[in-house]
Amino acid sequence: MEMLPLTLQVLVFPGLLFAAAAGLVTSWVDRMVTARVQMRVGPPFLQPFYDVVKLMIKETCVPAGGARALFLAAPLAGLAGAALASTIIWRAFLARGSGFSGDVIVLLYLLTLPALAVILGSFASRNPLASLGGSREMKLLLAYELPFVLAVLAVVARTGALRLEEILAAPAAATRPSGIIALVVAVLCMQAKLTLVPFDAPEAETELSGGAYIEYSGPPLAVFKLTRAMMLFTMPVFLVAVFGGGIRLGDGVLPAVAGVLKVVGLVVATILIRNTAPRVRIDQAVRFFWGPATLAALVATGLVFVGL
Amino acid sequence: MSFAVRALTRSLNVFHLGGSACNNCDIEILDALTPRYDVERFGLTLVGSVRHADLILLSGVFNTKAAIRARRIYEQAPKPVVVVAIGACACTGDIFRKSYNWDGPVDRYIPVDAYVAGCPPKPEAMLEAVVTLVKKLRGA
Ligand code: SF4
C-alpha cells in the first residue's frame, strides 16, 4: 500500500473520502437498526448522503454578534481530526512500517478534536442554549477522557508499545480478563465520545433543541454531520485496533472479514445501547465516568501487572 | 430534476411551530411523526432548531405578540424553506377569528406554500400536503 502520495492518503484513502463514505454507510446502518428496533421500515440507503448534500445547497446563517471566523472554522478542525485519525489507523492495517512510535498518543488527541470543535463552535455562536450545550460537551469530555486513556493504557502496559503496529502484532487484548474489562470501559466511553444516548446531554433535543449545533445551518452543519458520521465509523475501528487485534488485510479473506465483523459488532452494540437507554444528566455522567468507569479501568491496568 | 432539488426533497427536516393551538393540531402532527407512519422512509425528520429546518409547520391562532415572533423565526430559517399551515386555525382563524387578539391568518405575515384544512387535520392529510409540495418542487 505504498502507491498513493501522503496528501492523497489523507484526502482520499484511507483518510477523508474513505472515512466519509464509510461513515455515511455506518450512519445509515445506525438509522436502519433504530428503525427496526421501533418496528419501522427505515430510511433508504442513500439517506445520510442526501442529508449532507441537501445541507450543501442551504443558506449559511452566521448569528449576529457571534465570532464569525471561529464559527465557520470550528467544524473544519473536527473534520480534519477525524480524517487524520482514520488515516493513521488504516495505514497501520495496510502497510508495515508506516506508523511511528507514539502514534497511539497522537490518535488519542486526534479523536478528541471533533469534540473540541463542537465546544468551540457552540461558544462562537453566541446562543445561550449553544453555550449550555458546549459547556456540557466540555464536562463530558473531561469525564470520559480519563477512563478512556486508562483503558488504552491497560493495553499499552501489557504490550509495552506505544506504536499501533506493535499493539496489532501482539495477541488481541480482549482475549484476557484485563483486556475485556478495558474494552467494556472503552465501549462506554465511545458512547459518550459519539454523544449518543445515554450520554447525549450536550445535544438534548428536548430541552436544548439541538444544543451545541443549534445555530449551525447549511455547509458548516453538513461538515459537523459528516464528522459525526466519520467518528461513528472511526471510533469502533480504533477500538478494534487497540483491543481486538485490528483488521488483518494482508493474510487472506477470512481474517479481513473477521476484522470487519468485529467493527460491525461494536457499531450494532452502540446502536442498541442508544436505543434502549434513557438519557442521564450531565452530573450523573461525570460521576459515572470518574467513579465506576475509572475504577474499572484502573483494575484492568492492575490486572495487567499481575499477569492476567 | 436537478440533483440539488432531488436531495432537498429527499431530506426535509421538519420544524414545528405551535402558536397557541388548542393542542389538537400539535398532537396530530406528533401522530404523523410516530413509527406508524414512519415518515423517515421519505427522509422527513423532526428537528429542534429552526436553523436546521427545511419544512416549517405552523399550527394554531397566532395572536398579535406571537405573530411577530413567528415572522422572526421564519426569517431565521436558512433558505430554501417551505411552510405548511396546519389546521383551520392557522389557515383561517377557525372558531377564534372573532377573538380580540387574533392577528389574522398566518399567510398575512409568512409566505405559506400549502394549507391543510381540518380541525384537526388527520396525519394522512398532512402527509398528502407534503407529497403535493414535493411533487411541485420536483416539477412533476
Ligand atoms: S384547527 Fe382545530 S384542532 Fe387545530 S388548533 Fe385550531 S381549534 Fe385546535
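The values are calculated or read from the model by the stated rules, or taken from the named source; none is laboratory data. Because the structure is predicted, anything quoted here is derived from the model rather than measured. Cβ coordinates were reconstructed from backbone atoms using ideal geometry, including for glycine residues, and neighbour counts include every protein chain displayed. Note: accessible area is taken over every heavy atom of the protein model, side chains too, but ligands, DNA and RNA are not part of it. Shrake-Rupley method; radii C 1.70, N 1.55, O 1.52, S 1.80 Å.
At a glance:
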read-out	value
Residue in region A:21-40 that is in contact (Cβ under 8 Å) with a residue 12 or more places away in the chain, of a type in the set (Ser, Thr, Tyr), within 11 Å of chain B (Cβ to nearest Cβ) and under 22 Å from residue B:53 (Cβ atoms) present	yes
Matching residues, region A:122-149, being surrounded by fewer than 23 Cβ atoms within 10 Å (Cβ to Cβ), of a type in the set (A, V, I, L, M, F, W, C) and either at positive phi or within 18 Å of the chain's Cα centre (by Cα) (or both)	A:138, A:141, A:142, A:146, A:149
Selection count where residues are more than 11 Å from the ligand (Cβ to nearest atom) and either modelled with pLDDT of 90 or more or on the phi > 0 side of the Ramachandran plot (or both), scope region B:67-89	16
Within region B:90-106, considering residues that are under 17 Å from the mean Cα position of the chain (by Cα) and among the β-branched types (Val, Ile, Thr), the one farthest from the ligand (Cβ to nearest atom)	B:106
Failed item, numbered, when residue B:41 is tested on (1) touching a Gly at 6+ places or on another chain (Cβ under 9 Å); (2) buried (at least 19 other Cβ atoms within 10 Å of the Cβ)	(2)
Cross-chain or 6+ apart pairs with Cβ under 6 Å, region B:71-91 first and within 14 Å of chain A (Cβ to nearest Cβ), then open to solvent by 40 Å² or more (accessible area, probe 1.4 Å)	B:78/A:59; B:79/A:59; B:82/B:113
Which listed residue, of A:55, A:107, is assigned to a helix (DSSP H, G or I), within 14 Å of chain B (Cβ to nearest Cβ) and in contact with a helix residue (DSSP H, G or I) (Cβ under 9 Å, 6 or more places away or on another chain)	A:55
All positions within region B:22-38 that are more than 15 Å from the chain's Cα centre (by Cα) and surrounded by 16 or more Cβ atoms within 10 Å (Cβ to Cβ)	B:22, B:37, B:38
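Okay, residues lined up against (1) over 22 Å from the mean Cα position of the chain (by Cα); (2) of a type in the set (A, V, I, L, M); (3) under 26 Å from residue A:24 (Cα atoms); (4) surrounded by fewer than 22 Cβ atoms within 10 Å (Cβ to Cβ):
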{"residue": "A:46", "(1), (2), (3), (4)": "no, yes, yes, yes"}
{"residue": "A:67", "(1), (2), (3), (4)": "yes, yes, no, yes"}
{"residue": "A:80", "(1), (2), (3), (4)": "no, yes, yes, yes"}
{"residue": "A:86", "(1), (2), (3), (4)": "no, no, yes, no"}
{"residue": "A:96", "(1), (2), (3), (4)": "yes, no, no, yes"}
{"residue": "A:102", "(1), (2), (3), (4)": "no, no, no, yes"}
